[in-house]
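Below is one structure, written out as structure tokens, with a few remarks after it.
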Amino acid sequence: MGSIWLAITFLLMFQLPASMFVARSTKANAGDMATMRVLAQFLGADRALGWGRASPDPCDGSWLGITCDASGYVVYIIANNSGLTGHLPRETRNLSMLAAIYLNNNSLSGDVPPLGPNLMEISLSYNRFMSISPEFFKEMEIVFSLSAVNANIIGPIPEFVGDHFKYLVTMKLQGNSLFGHIPTSFASTRICSVQLQDQRGLDKLSGPIFMLNATNIVYLDLHGNQFTGPIPNLASNIEMEYIDLSKNALTGDVPQSLMQLHHLRVLNLSDNSLCGQLPKFIKKYDCKD
């Protein structure tokens, strides 16, 4: 329920069509019906979830985990922990009103293709993917939540991601095999929560931490990578609550601007090559048993 209300709030904030989250239709749009039959076959959902077994119409209530709007367009696909073993077909992008897709904890493989122009929430964690297509990032400009934790994704984060994902708020890509620099374009996004820790390959995420120039960040976990250089001035990141930069190759002095982060609750800078003393934090609250 929380995700639905979050999506509705996003719709209101950015004045997107409210009809995207209406109850099931009795008749699916012909194009979406054809696309969902392809998905059922490629995801193995026809066998695992019985998609299409009782009816070819994904909007009549017989397709488990599928929600449509009043016009017969598929808007939600929720198939977590469903024993899916295939891969996502490129036809998924034809679901023009798809707003959210959840396929966590399956055994999906292959590349992640573009998934639709109106997607806002994407959750593909704990699968066996290989990479994310560059077109995936270019076509989905209103995504605000991207999660692919331990999804076996290999490769760099494209430089243009921050420019295209203008509304991205949450990014969870930890436990993959990502490498290369974090795009500098992230500094101009609305992103609040970044979790890129524990990349598994020999080459991990590296370079300077431009991410800290994004002033909206509240939660940042980059531990277990190969980031280098100094920790930048954090004076403009006044809302930060969680910072874990441990197990990298950071150098230079610990910035005294940390003192200005009055909401900070967790700070881990261990296992780097930093100099100087940790700043003395002002205790704002007295804890009582």
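Residue count for segment 204-214 satisfying the condition of being part of a strand (DSSP E or B) and surrounded by fewer than 22 Cβ atoms within 10 Å (Cβ to Cβ): 2.
Residue by residue, here is whether (1) in a strand (DSSP E or B); (2) touching a Pro at 6+ places or on another chain (Cβ under 9 Å); (3) crowded, with 20+ Cβ neighbours inside 10 Å holds:
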{"residue": "GLN199", "(1), (2), (3)": "no, no, yes"}
{"residue": "LEU202", "(1), (2), (3)": "no, no, no"}
{"residue": "ASN216", "(1), (2), (3)": "no, no, no"}
{"residue": "LEU220", "(1), (2), (3)": "yes, no, yes"}
{"residue": "THR228", "(1), (2), (3)": "yes, yes, no"}
{"residue": "PRO232", "(1), (2), (3)": "no, yes, no"}
{"residue": "SER236", "(1), (2), (3)": "no, no, no"}
{"residue": "SER246", "(1), (2), (3)": "no, no, no"}
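For segment 179-217, filtering for residues that are modelled with pLDDT of 95 or more and among the aliphatic types (A, V, I, L, M) leaves 2. Residues in segment 248-261 that are open to solvent by 50 Å² or more (accessible area, probe 1.4 Å) and of a type in the set (Ser, Thr, Tyr): THR251 only.
When THR170 is tested against (1) closer than 26 Å to ASN118 by Cβ; (2) open to solvent by less than 10 Å² (accessible area, probe 1.4 Å); (3) among the β-branched types (Val, Ile, Thr), only condition (2) is not met. Taken over segment 92-121, the residue count meeting the criterion of being at positive phi, assigned to a loop (DSSP other than H, G, I, E, B) and either in contact with a Phe, Trp or Tyr (Cβ under 7 Å, 6 or more places away or on another chain) or among the acidic types (Asp, Glu) (or both) is 1. Scanning segment 128-151 for residues that are open to solvent by 60 Å² or more (accessible area, probe 1.4 Å) and touching a residue at least 40 places away in the same chain (Cβ under 8 Å) yields a count of 1.
The values are calculated or read from the model by the stated rules, or taken from the named source; none is laboratory data. Remember, predicted model here, so these are calculated numbers, not experimental data. Cβ: placed from backbone, ideal geometry, glycine included. Neighbour counts: every protein chain shown. With ligands, DNA and RNA removed, areas are computed over all heavy atoms of the protein, side chains included. Shrake-Rupley method; radii C 1.70, N 1.55, O 1.52, S 1.80 Å.
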